[in-house]
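Below is one structure, written out as structure tokens; the observations come after it.
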Amino acid sequence: MSAVRSLRKLSRAALLGATPRDSLPDAIEHVAKVHRAHHPRADLRPLRRAYMLAESSHRGQMRKSGEPYITHPLAVTLLLAQLGAETTTLTASLLHDTVEDTAVTLEQVRQEFGDQVCYLVDGVTKLEKVDYGSAAEPETFRKMLVATGNDVRVMSIKLADRLHNMRTLGVMRREKQVRIAKVTRDVLIPLAERLGIQALKSELEDLVFAILHPEEHTATRELIREHNSRPDPLTGFAAQVRRTLREAGIAAQVLIRPRHTVSVHRLRLKRGQLGDCDYARLLVLVDEDADCYAVLGELHTCFAPLVSEFKDFIAAPKFNLYQSLHTAIADEEGRVAEVLVRTRRMHRVAETGVIALGDPHVAGETAPDAAEGAAQGPAAATADAAGERTDPTRPGWLSRLLEWQSHAPDPNTFWQELRDELAQDLEITVYCAVPGAEGTAGGALPLPAGATCVDAAYARLGEAAHRCIGARVNGRLAALTTVLRDGDALQLFLESSHGSPSGPSPEWLDHVRTPSARLAIREWLAAHGRREGDQAVSEPAAGREGTRQAAREVLSEAAREELHQERRRHQELRDEPHRRLGQPYVPQEVEEHPEQYAEYGENIPVVPGHPGTPVRLARCCTPVPTDAVTGFPVRGGAVTVHRDSCQSVARMASAGRLTLPVRWEQGDAGCRVTLRAEAFGRPHLLADLTEAIAAQGAAVVSADVEPPCEQRVRHTYTLQLPDAAGLPALMRAMRRVPGVYDVTRSVRQTAAN
């Protein structure tokens, strides 16, 4: 009702006569008062001039409601003033329909009010249907998005404009109400959410809900009315919280924040039935960030917290600038209240989003502290190395949207893809590092929800991501197709920058989320004779050897050693529970089965004092000459030989099994050993590994390649070496093969009897 009364007041003031030259017209007195509350030093002269031009230009025009047209730009300007917008935005909002609906030109606006106001007015001006036909609406939104990419205030004005139009939509035909409501739901509400302007977004949601789902809206409003007719238990809950914080010496304001209609409806659908504490939340406002955590500590100490409801959006802000601590607590009577804890500045940003950041052309300016002056020309903008302005209010999702729309020339395709894009989940932030890549430092990387490591690689590196061969997420090796979550720490591994890259796999296209990654992959595949869905690599023959040669050194020595150490750490963690119990971890093999033991050619271990005793090498540790070994007699009079470091030795010795000393008598036939190579899957890996093995003089007795799992593969080779002393050099040579991150002696695990 307050909005209606304000509109009537503006309407009456707009019909009054002229005002003295230097005084403010009565129609904008209220706007000026609200504006000065946020910006005490604001220069109101541009607002006066803008109103005088808008009123004279729109004079005689009427809205369908029967009110003078000037009431619309006045109402839009009042909305933005209440949100704390600076003078330039308010000046442009007063003029936002003049170029579209009157004889005023953009050049006149530029001469009178400067480039910034002209840019904002142009950004929200619709394209003519006579020129664009049915494409006018999608092309208008495309134009607004492009303008928003350079100055987010364009979309702020558009959102306020749509909100006032939605408030007065009742005078239109039902079918037109539905069409406008659907566009608002599909495009403008998601944009308001992404820009963090919750004050506009919440009311837009309620207005759309009333038009598109009138029965559910009426039922939800009736629930809220019935709840409001009863005493609110949150009143007493808030008093308990105030008392608790006061006794702890924490200065805080505790408010009851009612849910808006759509929020209540969603919660009812989620829970089925609402309790008396579900219609609102407690809001605790403090002065400093540290006070937020102090409040949280007191609440979780003095009340029973619901740990599953805790979220820290201060340490990890949302993509749309939102910061708060979320928790839920229960009192002694078992009533549960949701609580939001934030500073007053966080609250201002949570309500108004990018509007709270002020003029994006002025470095370091925020709306409450901005030095006003709309009549001046555009301020000097901060520029990056490419000469483009860097704008902290231009979020990552907007940059991606702008890039994507430039590749969608067809208006219908753009319109549908825009709706689909905005209908997706929102944005995440990952922390991406690229070891060994010059000029690419780690840091926060915004990505759309559902993005994978491939998306992150192309977002961070551009075309250099063609060299990406592996990733680690939160310290663990992961497939490049792994879907990332908000706050993940990502480390990318690249092949050498020398020569041509091995290139992306066609299957990456099934997992990428960002248009930039999709375009780069498709361009590379097309340039190299590949098609989507290809499973095999089709490299040009002339370039194949060059690609192999260029990929000889995939990971830096430091990165490879780090991966190797990680495997050892995992082994230690696996052993830790057994170590604490005084029992070593033992692979579950059955040493009595003959098929477990490795044939050893003519290199016969000898058991002193037992000549002619059959000796077999256990496959769980595959000992070779020079290894320290221990023998265990088994059924049939044979002796099995294990490396002393094999965990089976400790297990069987602790069980009282008889041990026998063993020494090596190496013959001329060399030795046989089983090695396991862990690698990232890539074309020609098997050929390159066997080439490295042959270069060391070893012969492949057998090879086993397991099916790829999350783009990682495991190769197991049984090899005949001319001399056991060459084993370390062989393992180093295999680790140098591109994509191989570890080579170990094979350890068999079989089921125990």
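What follows draws every value from the coordinates through simple rules; no lab data is involved. Keep in mind that this is a model prediction, so the values were computed, not measured. In this analysis, Cβ positions are derived from the backbone assuming ideal geometry, glycine residues included, and neighbour counts consider all displayed protein chains.
A few notes on this one:
- Radius, Kirkwood style, for region 225-355 when every pair of distinct Cα atoms is counted (Å): 15.3 Å
- Counted residue by residue at 0.36 nm each, then reduced by the alpha carbon distance between them, the extension gain from residue 239 to residue 37 reaches 69.7 nm.
- Annotation for residue 665 and residue 635: the two label points, set 7 Å from Cα along the Cα-Cβ direction, are 2.9 nm apart.
- Less than 5 angstrom separates the built amide H of residue 451 from those of 484, all sequence-distant by 5 or more or on a different chain.
- Its alpha carbons give region 610-729 an Rg and a Dmax of 17.0, 51 Å.
- For region 487-496, 3J(HN,Hα) computed residue by residue from phi via the Karplus equation (6.51, -1.76, 1.60; θ = phi - 60°) reads x, 5, 9, 10, 10, 9, 10, 10, 7, 4 Hz, glycine and proline entered as x.
- Of the peptides 659-665, 140-146, the order by per-residue mean of other Cβ atoms within 10 Å, starting with the highest, comes out as 140-146, 659-665.
- Distant-in-sequence amide contacts of residue 741, defined by a placed amide H-H separation under 5 Å and a gap of 5 or more residues or a different chain, comprise 678, 679, 680.
- As a proxy for reagent exposure, ranking 34, 483 by other Cβ atoms within 10 Å from fewest up yields 483, 34.
- Amide H partners (placed H, <5 Å) of residue 617, local residues excluded: 598, 641
- In order along region 690-701, the phi-based Karplus estimate (6.51 cos²θ - 1.76 cosθ + 1.60, θ = phi - 60°) of 3J(HN,Hα) comes to 5, 5, 5, 5, 5, 5, 8, x, 8, 10, 7, 7 Hz; Gly and Pro are listed as x.
- Each of residue 423 and residue 45 was given a label point 7 Å from its Cα along the Cα-to-Cβ line. The distance between the two points is 5.2 nm.
- Note on residue 173 and residue 703: with the Förster distance fixed at 56 Å, the Cβ-Cβ geometry gives a FRET efficiency of about 0.15.
- On the beta carbon distance between residue 410 and residue 100, with R0 = 41 Å, the FRET formula returns roughly 0.95.
- Among the listed pairs 64/143; 143/201; 33/182, those beyond 24 Å (Cα-Cα): 64/143; 33/182
- Formal net charge of residues neighbouring residue 355 (Cβ-Cβ distance under 10 Å; K, R +1; D, E -1): 0
- Shape index of region 2-212: Rg/Rh, with Rg the Cα radius of gyration and Rh the Kirkwood radius from the inverse mean 1/r over Cα pairs, equals 0.94.
- Across region 2-212, C-alpha contacts under 8 Å between residues 6 or more apart give a mean separation that, scaled by the residue count, equals a relative contact order of 15 percent.
- Backbone phi angles across region 140-157, fed through the Karplus curve with coefficients 6.51, -1.76 and 1.60 (θ = phi - 60°), yield HN-Hα couplings of 5, 5, 4, 4, 5, 4, 4, 5, 5, x, 9, 7, 5, 5, 4, 6, 4, 5 Hz in residue order; Gly and Pro are listed as x.
- Here the convex hull built on the C-alpha positions of region 201-283 has a volume of 101 cubic angstrom per residue.
- Sorting 461-470, 167-176, 648-657 by average packing, meaning the other beta carbons within 10 Å per residue, from highest down gives 461-470, 648-657, 167-176.
- By the count of other C-beta atoms within 10 Å, a proxy for reagent exposure, 702, 202, 156, 65 are ordered fewest to most as 702, 65, 202, 156.
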